[in-house]
Amino acid sequence: MSTLGELLEKTVPALGYELVGFEFAANRMLRVYIDKPKGVDVEDCARVSNQLTRLFEVENIDFARLEVSSPGLDRPLTKAADFARFAGEEAKLVLREPIDNARKLKGILRGIEGKAALVETARGVQAVPLDTIERARLVPRIEWRRT
């Protein structure tokens, strides 16, 4: 029998989406976060939800409720490919070990070099080893229009 993570890793990409993550919340609610290059909409979430509901029935995955959604504007960055894909975007990083006496870093992503994320800060471009990053998220950019 496959683990939940393995099932999701096989199924979600086969439907044309990226699996950003998943978690069990209170009362056995399973949350699954999906994305695609131009973002996801309600129809995308419904499509994945319907497919997963059927799959979980067959695989006897125990959950009370399933919620499929986009990762949000402050999307977590969990894989090396995320740092490359979102180059040019602002991100906040929390590090396991300090770099220049700081465990928090905020800057513009400049891609990947080897096994390090390149982050441009006021001090210049820093290479941050991926294995030292505890958490990373995009900083939402909201553009207000005047009417």
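I need a count of the residues in the range 58-69 that are assigned to a loop (DSSP other than H, G, I, E, B) and open to solvent by 50 Å² or more (accessible area, probe 1.4 Å).
So the first thing to find is which residues in the range 58-69 are assigned to a loop (DSSP other than H, G, I, E, B), and the list is 60-64.
Narrowing the set further to residues that are open to solvent by 50 Å² or more (accessible area, probe 1.4 Å) leaves 60, 62, 64.
Adding up the residues that qualify gives 3.
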Restricting attention to the range 3-46, which residues are among the β-branched types (Val, Ile, Thr) and assigned to a loop (DSSP other than H, G, I, E, B)?
Thr3, Val40
Scan the range 117-133 and give yes if some residue there is outside any strand (DSSP E or B) and open to solvent by less than 50 Å² (accessible area, probe 1.4 Å), otherwise no.
yes
Can you give me the number of residues within the range 90-117 that are touching a Phe, Trp or Tyr at 6+ places or on another chain (Cβ under 8 Å) and more than 16 Å from Arg75 (Cβ to Cβ)?
2
Suppose the filter is open to solvent by 30 Å² or more (accessible area, probe 1.4 Å), outside any strand (DSSP E or B), in contact with a Leu (Cβ under 7 Å, 6 or more places away or on another chain) and of a type in the set (Phe, Trp, Tyr); does Phe83 pass it?
no
In the range 86-116, what residues are exposed (fewer than 14 other Cβ atoms within 10 Å of the Cβ) and in a strand (DSSP E or B)?
Val94, Arg96, Glu97, Pro98, Ala102, Arg103, Lys104, Lys106, Glu113
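The values are calculated or read from the model by the stated rules, or taken from the named source; none is laboratory data. Since we're looking at a predicted model, the values are computed, not measured. Counting neighbours? That spans all protein chains shown, and the Cβs are built from the backbone with ideal geometry, glycine included. Keep in mind that these areas ignore ligands, DNA and RNA; they rest on the heavy atoms of the full protein, side chains included. Shrake-Rupley method; radii C 1.70, N 1.55, O 1.52, S 1.80 Å.
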